[in-house]
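Report on one structure; see the data block that follows.
Just so you know, all these numbers are worked out from the coordinates, no wet-lab data involved. Keep in mind it's a predicted model, so treat the numbers as computed, not measured. Positions of Cβ are backbone-derived with ideal geometry, glycine not excepted, and every protein chain shown enters the neighbour counts.
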Amino acid sequence: MSRIRIYLDSNLEDTTLIIKDIKIMHKLRDILRLKAGEIFYVFNGRGVECSYKITEVKQGAINASKMKLERVEKKENTRIILGFPLVKEEKADFILQKATELGVSEFIPFVCERSIQALPSQHKIIRWRTIISEAARQSDRIWIPMLNDVCNLKEITARIYECKLFAALGGENLTRAISKLPSKEVLIIVGPEGDFSSQEYQHLLKNNFAPINLSPNILRVETASILAVGLINHILNIKK
């Protein structure tokens, strides 16, 4: 039986917990129908998870007492940073959800010549953060991936990472590109529909990004993102 698990942005140090968030209360009380005496788990997205027992279910709050500290974990030694271009809403949602499940540590949405140019609203950013935290909860992750502010491609290339890759049809085999490096930190950038422009391609090369080939086929942005993250995560775990 799977554990009932929720995310709260809290240090989880207190021995008692009072939940007043309407969405969480609705889930615990109305959907899962938890009652006094039942157990659930809370993680804070920063490496801590505790178990709690419900002491009282009221109209305006759910009270619980801490049972024990279940997990404390430092951030992973292996880090996968995914840079993806702004795409239509349903595609961005898919990328954020599935890449979180597959182990991404950090997201960098960006604007380039052939991507959507309109910056996401604050409402959409909040929605993205919710998708990420829910995917972390569902996949039993204890750290929630970071969502960076939207930037342009040149801003990404100016950042320092141990290993910098970008998806390209004529690139090197991914396994060879990573296996020969001692790095446990990999930035992978996926291009927009229609790929990077020739100027952007050259700019990436000049800034020490290595082109890697994900497939002999032309992939959609969301497909390339998920495939890249899954393969890199697999390769890095083999190297542990």
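Okay, here's what the table says:
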read-out	value
Set E101, E49, E106: member being of a type in the set (D, E, K, R), in contact with a strand residue (DSSP E or B) (Cβ under 6 Å, 6 or more places away or on another chain) and within 20 Å of K27 (Cβ to Cβ)	E49
Tally, over segment 16-60, of residues that are of a type in the set (K, R) and assigned to a loop (DSSP other than H, G, I, E, B)	4
Residues within segment 125-143 that are touching a residue at least 40 places away in the same chain (Cβ under 8 Å) and outside any helix (DSSP H, G or I), tallied	4
Selection status of K91, assigned to a strand (DSSP E or B), of a type in the set (K, R) and surrounded by 14 or more Cβ atoms within 10 Å (Cβ to Cβ)	no
Candidates K23, K68, K53, K74 - the one that is surrounded by fewer than 17 Cβ atoms within 10 Å (Cβ to Cβ), touching a Cys at 6+ places or on another chain (Cβ under 9 Å) and of a type outside the set (F, W, Y)	K68
Matching residues, segment 196-215, being farther than 10 Å from E113 by Cβ, surrounded by fewer than 19 Cβ atoms within 10 Å (Cβ to Cβ) and touching a residue at least 40 places away in the same chain (Cβ under 8 Å)	H203, N207, N208, A210, P211, N213
Residue match in segment 145-164 (condition: surrounded by 15 or more Cβ atoms within 10 Å (Cβ to Cβ) and of a type in the set (D, E))	no
E172 surrounded by fewer than 20 Cβ atoms within 10 Å (Cβ to Cβ), of a type in the set (D, E) and assigned to a strand (DSSP E or B)	yes
The one condition in (1) assigned to a helix (DSSP H, G or I); (2) on the phi > 0 side of the Ramachandran plot that D195 fails to fulfil	(1)
